[in-house]
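These notes concern the structure reproduced below.
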Amino acid sequence: MLILAILLSAVLSYLLGSCNFSIIVVRLWKHKDIRNYGSYNAGLTNTLRCFGKGCAAFTLIGDLGKGIIAVFLSRFICTLLETGLTAQQDVHFIGYIAGIFAILGHVYPLYYHFKGGKGVLVGVSVFLEIDWKVFLCLIGIFIIVLAISKYVSLGSIIASACCPFLTFLFQVLQRGDLPWWYLWLNTLLSAVMAGWVIGMHDSNIQRLRNGTENKFSFHSSEKKDEG
């Protein structure tokens with residue numbers, strides 16, 4: 001039953017992750033494809049830069065929501081199939097599986113010719129269901145780096161790199177009677193999520209090295225006649 005629960009969680013999380021809200025919102029609101037504008041990335045930052053705060057706000061809500069829902073559904077599946085996992089194990093082990101496949105869906109969406117975003121929001125949002133303390137730390141790190149550097153990509157990369165360490169730290173502090181191998185397994189799964197997100201920023205890393213990366217601004221670059 002545990003294997004079945006993992007497979008169902010993975011499939012549902014991928015299908016849910018494939019619902020890219022940057023693409024959906026811009027298409028419904030502006031009748032355009034976000035992947036044809038700006039950096040061509042179907043993500044929050046490019047949506048804000050090209051189509052403004054309204055589209056970005058709905059994209060934020062949607063992409064955060066699907067990460068949370070993916071973890072919630074994975075826990076529900078474990079309960080429904082009576083896998084025998086405890087509530088604490090559900091929220092960690094199965095949650096990370098759901099997070100990995102939700103990111104996979106976001107990056108390679110089934111519904112949009114496998115061309116999506118970079119998975120940052122989805123990766124962060126799963127921690128609202130898995131461990132809110134890790135979530136707050138990741139958001140705090142992102143905000144600090146963004147405030148200092150003005151680079152969204154750098155904030156995303158550094159926050160992602162900190163994810164496995166924070167996962168391990170908080171689980172050690174509140175581990176109770178969980179075995180050490182289980183803590184390391186959860187840390188490994190969080191590292192897979194983080195590594196994937198960082199890997200999707202390859203072009204950003206190159207631009208950061210070259211000094212050509214765009215700095216963050218709340219101003220939209222959308223032309224008035226496109227609104």
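The values are calculated or read from the model by the stated rules, or taken from the named source; none is laboratory data. These numbers were taken from a predicted model, which means no experiment stands behind them. Cβ coordinates were reconstructed from backbone atoms using ideal geometry, including for glycine residues, and neighbour counts include every protein chain displayed. Keep in mind that these areas ignore ligands, DNA and RNA; they rest on the heavy atoms of the full protein, side chains included. Shrake-Rupley method; radii C 1.70, N 1.55, O 1.52, S 1.80 Å.
Below are the figures for this structure:
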read-out	value
With every protein chain in place, segment 1-117: carbon and sulfur % of accessible area (1.4 Å)	72 percent
Estimated dipole of segment 1-105 in Debye, rounded to 20 [Cβ of Lys and Arg +1, of Asp and Glu -1, Cα centre]	560 debye
At least 27 Å along the helix axis (C-alpha) and Kyte average at least 1.6, DSSP helices within the chain	152-173
Most mobile listed residue (K215, K115, K150) in the chain, GNM with C-alpha springs under 10 Å	K215
Max mean-square fluctuation residue, GNM over the chain, Cα-Cα springs under 10 Å, options G211, G155, G65	G211
Computed over the chain: relative contact order in percent, which uses C-alpha pairs under 8 Å that are six or more apart	24 percent
Selected from A161, A70, A147 as most flexible by GNM, with the chain as the system and alpha-carbon contacts under 10 Å	A147
Probe 1.4 Å, accessible area per residue of the chain, Å²	49 Å²
